[in-house]
1. Any number yet on Rg/Rh for region 1-125, C-alpha, Kirkwood?
2. Quantify, in whole percent, the carbon and sulfur part of the accessible surface of the chain (1.4 Å probe; protein heavy atoms only).
3. Only four residue types carry charge here, +1 at the Cβ of Lys and Arg and -1 at the Cβ of Asp and Glu. Report the dipole size of region 53-159 about the Cα centre in Debye, rounded to the nearest 20.
4. Could you provide, to the nearest whole Å², the per residue accessible area of the chain with probe 1.4 Å?
5. Just checking the chain: which Cys have no other cysteine's beta-carbon under 4.7 Å?
6. Looking at region 243-292 from every direction and averaging, what is the projected area of its Cα convex hull in nm²?
7. Straight distance only, please: which aspartates and glutamates reach the Cα of K194 with their own Cα at less than 17 Å, same-chain residues fewer than 8 apart left out?
8. For region 159-267, what does the equivalent ellipsoid look like in terms of its semi-axes, each the square root of 5 times an eigenvalue of the Cα gyration tensor, given largest first in whole Å?
Amino acid sequence: MRHLLDPTDLSTQEVEQIISRALDIIEHREQYAEVCKGKKLATLFYEPSTRTRLSFTAAMMELGGEVLGFSDAKSSSVSKGETVADTIRVVSAFADIVAMRHFKEGGPRVASEYSRIPIINAGDGGHSHPTQTMTDLLTIRREIGRFDHLTIGLCGDLKYGRTVHSLIKAMNRYEGTRYVLISPEELRLPDYMKQELHDNYIEVQTLEEAMPLVDVLYMTRVQQERFADQAEYERLKDSFILDEEKMKLAKSDMIVMHPLPRVNEITVGVDKDPRAAYFRQVENGKYVRKAIIYTLLQWKEQELLNQPETFTTTSLCHNDRCISVTEPVEKKAYVDREGVTRCFYCDHEL
């Protein structure tokens, strides 16, 4: 069974296949109007979402399919203590494919272990958000035309931002990718993610330093829900704000992206700048999710399987945001390309 749990679940050839499918959908929308007729998408959102959930819903409806599920875990059997494993066993009887957002890292991966239908990770804690990454890639392709030899500025919450972590994993596979990291000291990119960059990055303290250097500026909000200390959030939330004056320092063909929602990290004055791509990015999300749903259902019918992976049993993961800490799942670990043993569910070093 093929699932989409992490951007690297897809080879670069498969990424290109899905991007090409999304571009074809944009050009020939009427040809895809009923390709999922009779199919059901279950949206299991254990964490609040507007754009991602509505994007999945619109995508499936425009493919001719139907949507069921929940947008708040409190309205489901989860509130009675049902585990992810049991929930997905039940949902597998009702739907053909699942989009799951979970507040615990590794939640969708647990679901994939017990599911009889494809699972799409719609965001798990601060870990991964592959469909947002595919949205970002489609936006870069449509705006810039290539993925190689780009300098990407990542600004804001780089510590907890799953969209940032997912984009790094995806872009690392293309030649000549460099990064400019722009964040407060408290929200710097974690060391385990910096290892993924292989020294192809610099860290700066201000947006002004970064603007002339980047081809893509990826803004993120400082997420209040990721802070245990609300006083720290209040102190940091306005640290990095993009405005019209800073835009004057950027390249003429640079683009600004944002996974949204924004708070005040991009002023409304920037919206009218043609380099502001974030609302076009939203629409791209619908098209790429249409392509992902369609492709995974096709792969399921063709019975294409994941490449075999080797895992070992392990002790409890010490990342308190990992789902293996709170649910009775089999404890697994794997060894990455650098020889580091990591948790199967959240990728943290053990």
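1. Values: Rg = 14.7 Å, Rh = 15.1 Å.
Rounded to two decimals, Rg/Rh equals 0.97.
2. Working: 7300 of 15370 Å².
With neighbouring chains kept in place, the figure for the chain is 47 percent.
3. Working: 12 positive and 13 negative charges, 22 e Å.
Dipole magnitude for region 53-159 comes out near 100 debye.
4. Working: 15370 Å² over 350 residues.
Computed with neighbouring chains in place, this is 44 Å² per residue.
5. C36, C155
6. Values: hull surface 15.6 nm².
About 3.9 nm², averaged over all directions.
7. D157, E185, E186, E203, D336, E338, D347, E349
8. Numbers: eigenvalues 91, 72, 29 Å².
Semi-axes, largest first: 21, 19, 12 Å.
The values are calculated or read from the model by the stated rules, or taken from the named source; none is laboratory data. Everything numeric here is computed off the predicted structure, so don't read it as measured data. FYI the Cβ positions are ideal-geometry reconstructions off the backbone, even for glycines, and counts take in every protein chain you see. Heads up: the accessible areas ignore ligands, DNA and RNA and are worked out on the full protein's heavy atoms, side chains in. Shrake-Rupley method; radii C 1.70, N 1.55, O 1.52, S 1.80 Å.
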